[in-house]
Amino acid sequence: MIRRDSDLLTNLLLFSRALREEKVRVTIDNVLDAVKGVSLIDLQKKGDFYHLLRANFVSSKDEMDAFDRLFEQFWSFDDSTNPFLEKIADEEADALEEGEEPPSFEPQKEQPSTKDWADETGENGLKETKEVPAYSPDEVLQQRDFSHFRAEELEKVKDWVSILSKKVSTYLSRRWKKGGKGDHLDFRRSIRRSIKYGGEIMELKMKERKPKPLRLILVCDVSGSMDIYSQFFLRFMHGLQNHYPHCDTFAFSTRLSHITSIFKGRTFDQTVGLLSGKVLDWAGGTNIGAALHQLHQRYSDLLHPNRTLFLIFSDGWDRGETLLLDSEMKSLKRQVKKLIWLNPLLGNQNYQPLCKGMSTALPYVDHFLPYYNFSSLRKLDRLMSRI
Amino acid sequence: MFNSIEEVQQAMERHQYICERSLATVVYLALKLEKPLLLEGEAGVGKTEVAKVMTQALQRRLIRLQCYEGLDVTAALYEWNYPKQLLRIKIGESSRQPLESVDNIFSPEFLIQRPLMEAIQSESADQHIVLLIDEVDRSDEEFEAFLLEILSDFQITIPEIGTISARHRPLVIITSNRTREIHDALKRRCLYHWIDFPPFEKEYRIVTTKVPAIHETLARQICSFMQTVRGKDFYKKPGIAETLDWANALIQLHKDHLDRAAVEETLGCILKHFEDTKKMKETDLVSCLGALGEMG
């Protein structure tokens, strides 16, 4: 079944390179294990060969589609449908020599800037110096309002949002170091110390309990007026939900839906399909007070004064009762550590939070931030790194 | 030890685990290549069961590490036995032994072995190990980093003693429910396999194998019903574990076929979310039962 039996290693290397181009990251160890595996199976059975390669090269369900597609193309019998054949002839010689990093696997143009974010360790204050250079073509995109994007630009920004959400989740899961004075006896260090006193424990060494991780609650307004913006926020939410375990996500218009389980383990596009079925009534009005009330009733165990970070994403155009909104915001404020409100309209310089809903809610909000372009998302990122 | 994929598949079936050739292939490769096997899939599709079945099939000993948030080295790997160390110091003191003997308190004798250490240091040659690291997505990322060292070289470094290498590489099975992404480096060290919900025929075989007392019609109805339910939009789709629970429950209630009343009484076996139960009763039950009618 394999075109060049004498040259299986070459073919496997080429195949792994093709996979890398599809963003399935295959290491040289994976290839070597696959080669070892070949001697263990019967090559006449294409299915076994397929599973051998899949188990070695794929490491997530999301990569399976790309793998299946390439597998069919690469290892097919029919010469006319195999676009790799010419490549094999051309590149065979250098493929064997270079191993892990083929020259075709170069970062794409837009990557230098996004790579910087991924590389940042998240220490406070460092990020300012790592801003994307001003002449970068991406700069324009970063400043542009989400609602003014062309379709192909949209794709790029979508990737950024995913990367950033992953980065935020690493701040949140970071643990603090053990302090010198805590409430727990550190036996190990105490005994170590006692040796110099001939085994008599003279000094007690203490250790501090690691702080429990912050719980994150993200609530997204998906009513009609928010349409284009909430698509971006949903993507951000989806990224966080899949990278940070202590996270719960909700969407609301007139009523509230808990969408954590819809996000988990699904790709964003699958999620949107599911959401638009039952949660997203883009055309609907907004009732923030009622939505928060619902959240209080059903999900109050998620709220904790020291540990919950609460993010609301909404333009504040509320059609519900002001009194209800006021009382709900007041009690919410007491039940969470920080209340952050993101508003897409804040991008407009002339915007004043005068509309009824926003002015009612504002006194209870700890941080009021814009969310209308990618730059504002990075502001949020900076804020999160400080909390 | 097995010499072909067929042998693995047959052995698993002998131990009442019905599986596709694809799963048998990766298990076989995990054994032959001595690589850990990462199994992902929805809850209740039988990921953990693979480790249990392989333990029986290989006649090995199962060591299980259940992951949870905050799991750390002292709970997973080893811990020094502090009270014993203290006593040793005291004895040394009262018998006026020289101070050097204190050094010995950091020897294997004073080590408490936790699951991972136990798996690597299995004493006797005939007692091979299956190591199950269950629900790794629940553990913290720092713990993952630490698993990386162990799973790539099968060795543990203890500062006071040195490096301990595994005499026999255990079969390592790692499961994840995908509540979060596992770190890429860890995943790349493993063979990967996704276990899907079973198709009808497979599920039917599983039910009749695991619940031999079940009536054929009821088994068919249950499986067909579950296929329909999984096609619907629920928060938490029921797995094979739920199917088996349900089959057992229906037998206990002396049901020999499915009808509206029977399903409503036992709905708690398959749907575990309030919203799902509500949605089922209000909208989906009719169509799910309807699908049974078509089947005959």
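For the reader, a short list of remarks on this structure follows.
- The calculated 222 nm mean residue ellipticity attributable to helices in chain B amounts to -14000 deg cm²/dmol, summing -39500 (n - 2.57) over DSSP H runs of n ≥ 4 and dividing by all residues.
- Most mobile listed residue (B:Ile129, B:Ile158, B:Ile120) in chain B, GNM with C-alpha springs under 10 Å: B:Ile158
- DSSP finds beta bridges in the stretch B:111-259, and of those with both partners inside it, around 50 percent are antiparallel.
- Inter-chain neighbour count for A:52-64: the average number of beta-carbon atoms from partner chains within 10 Å of each residue's beta-carbon is 6.
- Sequence of A:Ile228, B:Ile173, A:Ile191 once ranked by neighbouring C-beta atoms within 10 Å, starting from the fewest: A:Ile228, A:Ile191, B:Ile173
- GNM top mover of B:Glu42, B:Glu282, B:Glu118 - chain B, alpha-carbon springs below 10 Å: B:Glu282
- Taking amide hydrogens as placed 1.01 Å from N in the peptide plane, the amide H of B:Leu38 sits under 5 Å from those of B:Ile174, B:Leu191, B:Tyr192, B:His193, each at least 5 positions away in sequence or on another chain.
- Crossing angle, helix B:285-295 versus chain B [Cα axis fit, 0-90 degrees, rounded to tens]: 70
- Backbone amide hydrogens, once placed in the peptide plane, bring A:Met206 within less than 5 Å of A:Gly182, A:Asp186, excluding anything fewer than 5 places away on its chain.
- Rg over Rh for chain B works out to 1.10, using Cα positions for both radii and the Kirkwood form for Rh.
- Degrees between helix B:240-252 axis and first principal axis of chain B (Cα, 0 to 90, nearest 10): 60
- Other protein chain Cβ atoms within 10 Å, averaged over every residue that makes up B:30-37: 3
- Counting Cβ atoms of other protein chains within 10 Å of each residue's Cβ and taking the mean over peptide A:36-43 gives 4.
No value in this document is a laboratory result; all are computed from the given coordinates. Since we're looking at a predicted model, the values are computed, not measured. Cβ sites come from the backbone with ideal geometry, for glycine too, and all protein chains shown count toward neighbours.
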